Amino acid sequence: MDIEAFGKSYKKYDLISSQFDSWIYIYPFFELIIGISFLNSSPPSLIIFIALVLGISGMISVFKAVYLDKLKLNCACIGGYAKTPLGIISFIENLLMAIMSVLILIK
């Protein structure tokens, strides 16, 4: 909804956006393309591979921020305006994206 607000919130815990500033503008559109592709009966392998990489990266980022660094952050979803605490739900969301990707790739 608001890429700037999303980016400000997302950058606090995402490992990729902490290294590449422009990633906050690219990532939401990757998620959109991945979501639309998952609705297709045979999504392109490149999109599924990207989903796998982003799922794993997201899991690592959330785990590091919440469980290792003990940060009390909100999820960056809905443009950074959500008051949902970053934690197990965010981790599971990324885990499911990675699992779906693996299952589609081996199918």
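General observations
- Positions within the stretch 5-22 being out of contact with any Leu (no Cβ under 6 Å at 6 or more places or on another chain) and either within 23 Å of residue 100 (Cα to Cα) or touching a residue at least 12 places away in the same chain (Cβ under 8 Å) (or both), in sequence order: 5, 6, 7, 8, 9, 10, 11, 14, 15, 16
- Within the stretch 87-98, one or more residues are without any contact (Cβ under 8 Å) to a residue 60 or more places away in the chain, surrounded by 13 or more Cβ atoms within 10 Å (Cβ to Cβ) and assigned to a loop (DSSP other than H, G, I, E, B).
- Residue count for the stretch 58-100 under the criterion of being closer than 16 Å to residue 27 by Cβ and among the hydroxyl-bearing types (Ser, Thr, Tyr): the result is 2.
- The stretch 34-72 - residue that is part of a loop (DSSP other than H, G, I, E, B) and in contact with a helix residue (DSSP H, G or I) (Cβ under 6 Å, 6 or more places away or on another chain) and, of those, surrounded by the fewest Cβ atoms within 10 Å (Cβ to Cβ): 71
- Test: residue 29 is at pLDDT 90 or above, under 15 Å from the mean Cα position of the chain (by Cα) and not basic (Lys, Arg): yes
The values are calculated or read from the model by the stated rules, or taken from the named source; none is laboratory data. Nothing here was measured: the structure is a model prediction, and the numbers come from that model. Glycine also receives a Cβ, built like all others from the backbone with ideal geometry; neighbour counts cover every protein chain displayed.
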